[in-house]
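> Structure provided below as structure tokens; questions to follow.
The values are calculated or read from the model by the stated rules, or taken from the named source; none is laboratory data. Computed from a prediction, not measured in an experiment: that's the story for all the values here. We place every Cβ from the backbone using ideal geometry, glycine too, and count neighbours over all the protein chains shown.
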Amino acid sequence: MSNADLKANRPLSPHLQVYRWPLTMAMSIAHRVTGAGLYVGMLLLAWWLSAAAGGEAYFNFVNRVFGSWLGLIVLFGFTLALVHHMLGGLRHFIWDFGYGLGKPARDRLALANIVLSVAITLLLWLAGYGLRG
């Protein structure tokens with residue numbers, strides 16, 4: 001078999017299907033996705049604020065949109081993205097000081113980011129509904 005035949009049978013580049021994703025890799029991708037999602041959330045916040053300045057009827061319409069089941073799911077997702085992105089930033093802040101760089105510590109921080117993101121988001125929503133009455 002010639003050298004050209006061997007090169008022809010090799011993949012051109014490794015693909016994501018070849019590798020098992022470590023938790024830290026998945027968290028890096030999630031951090032980027034949540035950062036992009038925050039842009040959409042800021043557009044929703046700007047829409048809500050402009051509705052508040054636009055008059056009572058328009059503000060009530062936007063509140064009905066956000067209060068619908070789909071609106072609540074979007075707002076919950078925005079809250080989760082905000083908390084997840086914040087905790088990811090804190091994780092990077094810890095790394096900036098040189099702590100948590102070993103593999104076990106990196107994995108613990110990544111797992112803590114996931115667990116705390118969900119827990120804090122649920123606590124914020126429960127507190128919000130509790131204050132709402």
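> Restricting attention to the stretch 64-81, report how many residues are loosely packed, with under 14 Cβ neighbours inside 10 Å, in a helix (DSSP H, G or I) and over 20 Å from the mean Cα position of the chain (by Cα). Write out each step before concluding.
So the first thing to find is which residues in the stretch 64-81 are loosely packed, with under 14 Cβ neighbours inside 10 Å, and the list is 64, 67-70, 72-73.
From what's left, in a helix (DSSP H, G or I): 64, 67, 69-70, 72-73.
Then drop every residue that is not over 20 Å from the mean Cα position of the chain (by Cα), which leaves 64, 67, 69.
Of the residues in that region, 3 qualify.
> Something else: Looking at 43, 124, which one is more than 13 Å from the chain's Cα centre (by Cα), loosely packed, with under 11 Cβ neighbours inside 10 Å and among the aliphatic types (A, V, I, L, M)?
On the way: 124 fails: loosely packed, with under 11 Cβ neighbours inside 10 Å.
It is 43.
> What tally of residues in the stretch 102-133 results from selecting those that are more than 19 Å from residue 25 (Cα to Cα) and at pLDDT below 95?
The number of residues fulfilling the criteria is 6.
> Within the stretch 82-101, track down each residue that is under 13 Å from the mean Cα position of the chain (by Cα), within 13 Å of residue 28 (Cα to Cα) and buried (at least 18 other Cβ atoms within 10 Å of the Cβ).
Of everything in the stretch 82-101, those that are under 13 Å from the mean Cα position of the chain (by Cα), within 13 Å of residue 28 (Cα to Cα) and buried (at least 18 other Cβ atoms within 10 Å of the Cβ) turn out to be 84, 85, 87, 88.
> Given the conditions (1) part of a loop (DSSP other than H, G, I, E, B); (2) of a type in the set (Gly, Ala, Ser); (3) touching a His at 6+ places or on another chain (Cβ under 9 Å), which single one is not true for residue 100?
Residue 100 satisfies all of (1) part of a loop (DSSP other than H, G, I, E, B); (2) of a type in the set (Gly, Ala, Ser); (3) touching a His at 6+ places or on another chain (Cβ under 9 Å) except (3).
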